[in-house]
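The structure appears below as structure tokens.
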């Protein structure tokens with residue numbers, strides 16, 4: 001489903017994995033959106049969904065606006081979704097194409113509202129007590145992306161959607177691990193607080209990039225759990241045929257590649273954030289084709 005650069009864990013990373021090879025999209029040159037793997041008929045709605053999610057994500061995460069200002073702008077996005085639901089067509093460059101895509105493909109609005117709730121949470125919540133809280137965030141910040149894609153492909157099988165949820169949540173978790181240092185600089189920690197405490201890892205340790213003590217053990221636990229979740233969704237790549245099946249298989253290979261890099265050097269998140277190289281992409285595509 002989704003492709004590589006992340007500024008923030010949520011949509012930036014997921015859309016990078018889901019839409020493999022780029023068409024130009026504004027200022028995020030490494031952020032592919034509608035790939036050659038997507039059928040032509042889906043490229044316009046995918047771009048519309050991306051622009052909605054990307055712009056809302058920026059409201060929550062970029063610039064110097066106050067929390068109240070960010071929340072007010074996101075509330076405006078909710079109002080635009082309500083307008084679309086009433087059958088109106090906004091003239092806004094974000095919501096006009098989105099309204100067209102929603103009507104043309106009968107796309108449900110709940111995934112968009114879930115995404116907005118996750119963006120709002122990023123404005124107000126910076127720590128997560130346990131893994132359950134992290135997964136609840138993933139349910140709203142990541143899983144809607146996969147569900148929207150599955151809808152566009154016309155697959156509504158509950159079992160398939162559960163596989164897609166597992167893939168999306170694991171990709172979100174992978175990005176959390178990639179961006180530990182970056183997120184900390186933005187005031188956020190997505191690692192469960194109870195698990196940090198159990199491994200005697202403090203926020204000061206994260207602040208200074210200190211990987212002594214039980215840092216490696218803590219990271220390996222995160223990595224292994226994420227790998228299992230990714231593999232739990234892997235059957236979807238074998239079940240679905242054609243382009244979407246290939247997209248999913250390549251996506252899974254990409255997640256596995258990042259996890260291998262993290263496992264080999266759990267301290268790299270502070271020194272050399274692991275990313276997918278051109279060689280990785282070639283191997284992922286070849287393996288996906290097999």
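Could you work out how far the C-alpha centroid of the stretch 53-69 sits from that of the stretch 187-252, in angstrom?
Going from one Cα centre to the other spans 25 Å.
Using a 10 Å cut-off around each Cβ, can you sort 161, 262 from fewest to most neighbouring Cβ atoms?
161, 262
Give the peptides 174-186, 269-281 in descending order of average Cβ contacts within 10 Å, highest first.
In decreasing order of mean packing, 174-186, 269-281 become 174-186, 269-281.
Using only Cα atoms, figure out Rg for the stretch 206-290 and give it as a multiple of 2.2 N^0.38 Å.
Numbers: Rg = 15.0 Å, N = 85, 2.2 N^0.38 = 11.9 Å.
Against the empirical 2.2 N^0.38 Å value, I get 1.26 for the stretch 206-290.
Classify the chain: rounded, prolate or oblate, from the alpha-carbon gyration tensor (a ≥ b ≥ c, eigenvalue square roots; a/c under 1.5 rounded; otherwise prolate if a/b is larger than b/c)?
Cα axes put the chain in the oblate bin.
How would 138, 268, 168 line up from fewest to most surrounding beta-carbon atoms within 10 angstrom?
Exposure proxy ranking, most exposed first: 268, 138, 168.
For the stretch 140-290, what percent of Cα pairs sit more than 27 Å apart?
28 percent
Of the listed peptides 58-69, 219-230, 42-53, what is their order by residue-averaged count of other C-beta atoms within 10 Å, with the highest listed first?
Sorting 58-69, 219-230, 42-53 by mean packing, highest first, produces 42-53, 219-230, 58-69.
Report the extension gain between residue 263 and residue 82 in nm, rounded to one decimal, defined as 0.36 nm multiplied by the number of residues separating them, less their alpha carbon distance. Please list the in-between numbers first.
On the way: separation 181, 0.36 × 181 = 65.16 nm, distance 4.43 nm.
60.7 nm is the gain from fully extending residue 263 to residue 82.
Any read-out appearing in this document is the output of simple, stated calculations on the displayed coordinates, not a laboratory observation. On a predicted model such as this, the values are computed, not experimentally measured, just so you know. Positions of Cβ are generated from backbone atoms using ideal geometry, with glycine treated the same way; all protein chains shown enter the neighbour counts.
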